[in-house]
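Take a look at the structure below.
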Amino acid sequence: MRKIVAERMMHSVSSTATVTYTSSAPASALLALRARFKASDPAMGVDAVTLGDLVNFAAVRAATRHPVFSAHLEDGILRTFEDVHLGIAVDTPRGLLVPTVRFASRMGLRELAAHTKSLIGEAQSGGINPDLLAGATFTVSNLGAFGIESFSPIINAPQTAILGVDAISTRAAIGAAGELVAEQRIGFSLTADHRVIDGADAARFLRDLTTVIAEIDLAIVG
């Protein structure tokens, strides 16, 4: 497994022109919504929705708006997809696996969260169907829970981009009245293939992603 991962990573690094872009978004709405979900009646089916699920939902929405980020570039041919098939980087006893949530862009938050948890469980137990480890058009790698503040995720070729999710940290900010306040922000590290994605494209993607994150409560009912 380690050999396969190494070969794929080396192929990606040697065959793509990657640049990593970093940005951050206010995390207050994200944290507040997660707290409400956790305290909700289990019968509503959202008490197990995690921060990662909310970020995945936002990432899919952003990728839907920017088709070149949910695409394959192979043999000089760029192929975009009508739907976003979301790859989730999973740390398992066997090594890194990336199961695919197929048609993630057609799912609401609860369905996306349920599918993601099921795939992660199958990957970590070693019983996942190999067919579910292929076909992703855009991947999310979340290291925020480990306290990582910034990193350069490697694209899962032939995909054109991958989103790294960083830790939530407290930073100084200027309040509405000009006062100094403490603000919690979540960081993102977006690696994109410069052969088809320019810096301005990456900036627009991150702008839309951070807007969804900042207003996640509105985004899930949109």
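The values are calculated or read from the model by the stated rules, or taken from the named source; none is laboratory data. Worth saying up front: this structure is predicted, and the values here are computed from it rather than measured. So basically every Cβ, Gly included, is an ideal-geometry build from the backbone, and we count neighbours across all protein chains shown.
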Fill in: Top-ranked residue of the stretch 167-222 - restricted to ones that are part of a loop (DSSP other than H, G, I, E, B) and touching a helix residue (DSSP H, G or I) at 6+ places or on another chain (Cβ under 8 Å), ranked as nearest to G76 (Cα to Cα)
V196
Practice prompt. Pick out the one residue from G135, G147, G108 that is touching a residue at least 40 places away in the same chain (Cβ under 8 Å) and out of contact with any His (no Cβ under 9 Å at 6 or more places or on another chain).
Written response: G108
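Out of curiosity, is F69 of a type in the set (F, W, Y), surrounded by fewer than 18 Cβ atoms within 10 Å (Cβ to Cβ) and farther than 30 Å from V181 by Cβ?
Here the answer is no, as F69 does not meet what is asked.
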Practice prompt. Inspect all residues belonging to the stretch 64-79 and state whether any of them is among the hydrophobic types (A, V, I, L, M, F, W, C) and closer than 20 Å to A25 by Cα.
Written response: yes
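Results for (1) at pLDDT 95 or above; (2) farther than 16 Å from V19 by Cβ; (3) among the small types (G, A, S), shown as yes or no for each residue.
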| position | (1), (2), (3) |
| --- | --- |
| S152 | yes, no, yes |
| T170 | no, yes, no |
| G175 | no, yes, yes |
| F188 | yes, no, no |
| V196 | yes, no, no |
| G199 | yes, no, yes |
| R207 | yes, yes, no |
| A214 | yes, yes, yes |
Worksheet item: Do we have L31 as in a helix (DSSP H, G or I) and over 19 Å from H115 (Cα atoms) here?
Response: yes
Discussion item. With the requirement that a residue be polar (S, T, N, Q), out of contact with any Gly (no Cβ under 6 Å at 6 or more places or on another chain) and modelled with pLDDT of 95 or more, what does the stretch 71-123 give you?
Written reply: T80, S105, T116, S118
Worksheet item: What about V19, is it in contact (Cβ under 8 Å) with a residue 12 or more places away in the chain, surrounded by fewer than 19 Cβ atoms within 10 Å (Cβ to Cβ) and assigned to a helix (DSSP H, G or I)?
Response: no
Response to the item:
Matching residues in the stretch 136-180 (surrounded by 13 or more Cβ atoms within 10 Å (Cβ to Cβ) and either among the hydroxyl-bearing types (S, T, Y) or under 24 Å from H85 (Cβ atoms) (or both)) number 27
Fill in: Failed condition for I162, given (1) assigned to a strand (DSSP E or B); (2) more than 15 Å from the chain's Cα centre (by Cα); (3) of a type in the set (V, I, T)
(2)
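Per-residue answers, yes or no, for (1) in contact with a Lys or Arg (Cβ under 7 Å, 6 or more places away or on another chain); (2) touching a residue at least 60 places away in the same chain (Cβ under 8 Å):
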residue: L51; (1), (2): yes, yes
residue: V55; (1), (2): no, yes
residue: A58; (1), (2): no, yes
residue: S70; (1), (2): no, yes
residue: L73; (1), (2): yes, yes
residue: R79; (1), (2): no, no
residue: D83; (1), (2): yes, no
residue: I88; (1), (2): no, no
Practice prompt. Can you confirm whether the stretch 117-127 contains a residue that is surrounded by 15 or more Cβ atoms within 10 Å (Cβ to Cβ) and either in contact with an Asp or Glu (Cβ under 7 Å, 6 or more places away or on another chain) or among the hydroxyl-bearing types (S, T, Y) (or both)?
Written response: no
Practice prompt. Consider S12 carefully, then state whether it is surrounded by 15 or more Cβ atoms within 10 Å (Cβ to Cβ) and not acidic (D, E).
Written response: yes
